[in-house]
């Protein structure tokens with residue numbers, strides 16, 4: 001099959017999987033079109049309040065499933081393209097032209113023609129691939145869906161067991177430019193498309209690809225600080241969202257019927273999340289908060305299953321959601337000495353000295369970091385008031401959590417359940433810290449020391465005083481540059 005792409009622009013990406021329904025027992029004819037014209041596809045452009053656009057020259061291979069629609073409105077059992085277990089791969093061939101005149105070609109491994117007995121066909125497209133990627137996931141021969149699977153049972157097309165990837169905490173999996181271990185670095189966008197089309201003189205099928213996932217970023221600042229006052233210094237080594245869904249199944253129910261001699265095809269899509277997992281970023285350096293300036297502490301945005309988060313209830317065993325940070329908090333004062341106290345509990349650098357506030361310790365130890373958290377309960381599954389949008393309203397949306405840490409009216413959060421450190425931090429992790437040597441403090445690279453919750457403190461207790469304050473913004477998953485994004489960008493704008 002030849003797939004020509006008239007690129008009056010980019011691919012429309014909003015949020016939902018759109019699919020097929022039950023069928024009757026009539027078989028479709030596969031006779032070659034008398035004109036010899038193979039069915040072709042074009043990646044069309046659309047606009048909506050929830051649209052995200054990418055340029056045509058980033059779209060990679062995708063899979064296509066097609067079923068005929070009976071004159072009475074129901075779907076045939078047989079398949080024009082693909083089968084109940086998945087679609088046929090449309091391989092990118094070339095692009096020609098530029099601007100509004102640009103078009104591209106994708107080719108199936110065989111030519112498919114519109115059967116003479118069919119007037120209407122339902123097409124489904126799906127992919128996680130950008131240009132240049134092969135049809136393998138990181139873990140298996142996963143095709144264009146990675147390790148997920150596509151199937152159609154009765155009236156429910158389904159993408160089952162879609163599982164956002166996690167990075168391995170090895171040297172090879174780090175972003176070597178700045179030594180960052182980020183789950184978002186390798187996570188793939190899930191794109192889906194749906195089109196029911198009536199036969200005409202033009203056999204080109206316009207597929208609108210849509211985002212099916214939710215994008216997540218985490219930023220932090222210190223709210224309402226007076227720049228002239230001493231304030232707490234927050235150094236962050238990593239950030240994670242804990243107890244988000246580990247995987248999900250995206251299903252659609254198609255209703256195809258004939259009313260008043262007119263066939264209508266509608267769909268209802270839902271995500272079913274399952275399991276829990278921790279997703280986030282650890283970096284070899286530190287992200288030091290700079291007052292009210294916003295700092296991206298996740299570094300690489302995540303692409304996760306749309307879901308409704310249940311807030312963690314502050315117990316060791318509860319599986320509610322929270323944002324967790326690995327951090328260190330100090331207090332900076334002017335002067336090489338501290339009047340009225342023994343200076344053995346501080347570190348001196350130039351004309352300033354630093355007190356260690358967290359992790360709690362009787363002496364200053366710059367290698368020490370600890371975990372803090374803030375519970376969250378955002379509903380990613382219902383972020384839109386658009387009544388025409390699919391059920392998965394959180395799909396195609398970019399949520400940004402803005403944390404206010406140690407600001408004028410905020411604290412350092414609360415103690416989380418005991419984390420599995422070996423799954424979050426690479427072995428042999430180090431940190432640059434002030435170290436006392438030969439009577440003087442100097443910066444050295446030392447082994448990171450992750451300090452457990454101190455005795456006398458319980459899970460859910462405040463780390464220092466007040467909790468971390470936070471706000472959530474949600475924006476359309478826009479792409480002003482026209483470049484395809486995996487989970488590597490954090491540039492959402494506020495609504």
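Here, each number is a calculation from the coordinates, and none is a lab measurement. Remember, predicted model here, so these are calculated numbers, not experimental data. Glycine gets a Cβ as well: all are built from the backbone with ideal geometry, and neighbour counts include every protein chain shown.
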Worksheet item: Working out 0.36 nm times the residue gap between residue 319 and residue 440, then minus their Cα-Cα distance, what length gain in nm do you get to one decimal?
Response: 38.9 nm
Worksheet entry | 235, 457 arranged by Cβ crowding within 10 Å, fewest neighbours leading | 457, 235
Discussion item. Which of 442, 246, 179 has the fewest other C-beta atoms within 10 Å, and how do the rest follow up to the most?
Written reply: 442, 179, 246
Fill in: Sorted peptide list for 290-298, 161-169, criterion being average Cβ within 10 angstrom, highest first
161-169, 290-298
Item to complete: Just need the relative contact order of region 147-254 here, percent rounded to a whole number, with Cα pairs under 8 Å and 6+ apart.
Response: 34 percent
Fill in: R0 of 45 Å, Cβ-Cβ distance residue 465-residue 131: FRET efficiency to nearest 0.05
0.30
Practice prompt. Report the extension gain between residue 272 and residue 94 in nm, rounded to one decimal, defined as 0.36 nm multiplied by the number of residues separating them, less their alpha carbon distance.
Written response: 60.4 nm
Worksheet item: How long is the gain from residue 224 to residue 202 if the chain were fully straight, where each residue apart is worth 0.36 nm and the alpha carbon distance is subtracted?
Response: 1.8 nm
Item to complete: Along Cα→Cβ, 7 Å out, is where each label goes; now give me the distance between the ones at residue 452 and residue 351 in nm to one decimal.
Response: 4.4 nm
Worksheet item: If we count other beta carbons within 10 Å of each Cβ, what is the order of 455, 117, fewest first?
Response: 455, 117
Worksheet item: Using 1/(1 + (r/R0)^6) with R0 = 41 angstrom and r between the beta carbons of residue 72 and residue 310, what's the FRET efficiency to the nearest 0.05?
Response: 0.35
Fill in: Separation of alpha-carbon centers, region 288-361 and region 419-477, rounded to whole Å
6 Å
Discussion item. Using the basic label-point model (7 angstrom from Cα toward the beta carbon), what is the residue 169 to residue 427 distance in nanometres?
Written reply: 1.1 nm
